[in-house]
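Input: a single structure, listed below in structure tokens.
What follows is calculated from the coordinates using simple rules that are stated; it is not laboratory data. Since this is a predicted model, take the numbers as computed values, not measurements. For neighbour counting, all protein chains shown are included, and Cβ atoms are generated from backbone atoms with ideal geometry for every residue, glycine included.
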Amino acid sequence: MLLCTCLPTAAQARQSVQLRATLSPEILGHDTALGFDLRIRAPHGRAPSPVLGIALRYPNNIGIGLSGLGLDTCVQKSLEARGLSACPPNSIMGSGAAAVEIPVGPTIVRETTKLTVVRAPVSHGRFALIFYADGSSPVQAQLALPAFLLSASSPFGGKVDIHLPLVPSLPEGADVALVHLHATIGPEHLTYYERVNGRTIAFHPRGIRLPKSCPAGGFPFAATFAFSDGTHRTARTSTPCPP
């Protein structure tokens, strides 16, 4: 009985989570870029439990799906087979980076990968995204993480639901554990193309439109993490209202 009582507490103490969010520029009624920074920490000398899912909830009246981003789509099978070259430029919606930790004996090995956010075809009526991670060392892997824009209860307007598979590190080794994910969904550094009168014209896409008013207490964000050990963690934050 005592063992059954203590085990969940020990498991829940394995990792903590942190969320930071940005809206840049934060000008009411104007286009912006949504940035979020997710961190997972475990006690010193240990890697956290692998993450199976992340639900990032964002403020009401911020329409990622209604922005000028993701005018084209990229198919996940093509992305996994050929990399980013399989994706049209107009499907790119943002970029970032991710870091993972891999227990190798008594040592924790850390790897950082590039991250690209692309739009995928609509699936079952849901706006779909892919977070594409490209890692090379010590584990060479290109992962296409499916995500969906879903509804969320007040005070949030929606959520980005990201699914993460278990990734083995070495033969008979522990699974890779995500410890940091940073991504920006917005027009910065993006170039789109369109055909006008038989010519290909390059242009910069619009961003995510901010509402004309800011809720009391600022724009709220929250992220819930589901871990492979059966535990869940939630982090919350908000961006202050602009002057």
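Remark: the His204-Thr107 segment gains 30.4 nm on full extension, using 0.36 nm per residue and subtracting the alpha carbon distance.
Sorted ascending by nearby beta carbons within 10 Å, beginning with the fewest, His30, His44, His180 become His44, His30, His180. Karplus-derived 3J(HN,Hα) values for segment 95-105, using 6.51 cos²θ - 1.76 cosθ + 1.60 with θ = phi - 60°, are 8, x, 8, 9, 10, 10, 10, 10, x, 10, x Hz; glycine and proline are entered as x. Length gained on full extension, Ala174 to Arg46: 44.9 nm, using 0.36 nm per residue less the C-alpha separation. Across segment 180-193, coupling constants 3J(HN,Hα) worked out from phi with the 6.51/-1.76/1.60 Karplus curve, θ = phi - 60°, read 7, 9, 10, 8, 10, 9, x, x, 4, 6, 9, 10, 9, 9 Hz, and Gly and Pro carry x. Taking segment 11-53 and a reference point 7 angstrom along Cα→Cβ of Leu71, the backbone N atoms nearer than 19 Å belong to 31-33.
When you count the other C-beta atoms within 10 angstrom of each residue and take the mean per peptide, 115-121, 99-105, 214-220 line up highest first as 115-121, 99-105, 214-220.
At a Förster distance of 35 Å, what's the computed FRET efficiency of Ser16 paired with Asn61, Cβ-Cβ distance as r, to 0.05? Before the final figure, lay out each step's value.
Values: r = 31 Å, r/R0 = 0.88.
Computed FRET efficiency for Ser16 and Asn61: 0.70.
Taking the C-alpha atoms only, the angle from helix 2-12 to the longest principal axis of the chain is near 30 degrees. The distance from the alpha carbon centre of segment 52-92 to that of segment 181-243 is 12 Å, rounded to a whole number. With 0.36 nm allotted per residue and the present C-alpha distance subtracted, the Asp229-Gln142 stretch has 28.9 nm of extension available. Each principal axis of the Cα cloud of segment 91-191 was evaluated for its coordinate range; sorted largest first, these ranges are 44, 33, 25 Å.
Under 22 Å of direct C-alpha separation, and excluding same-chain neighbours fewer than eight residues apart, Lys159 reaches these lysines: Lys212. By the helix-only formula, in which each DSSP H run with n ≥ 4 contributes -39500 (n - 2.57) and the sum is divided by residues, the chain has a 222 nm mean residue ellipticity of -2000 deg cm²/dmol.
Across segment 204-210, computed HN-Hα scalar couplings (Karplus, 6.51 cos²θ - 1.76 cosθ + 1.60, θ = phi - 60°) run 9, x, 6, x, 8, 6, 7 Hz from first to last residue, x flagging Gly and Pro. What's the long-distance tail for the chain, i.e. % of Cα pairs beyond 33 Å? Looking at the chain, the distances longer than 33 Å represent 23 percent of pairs.
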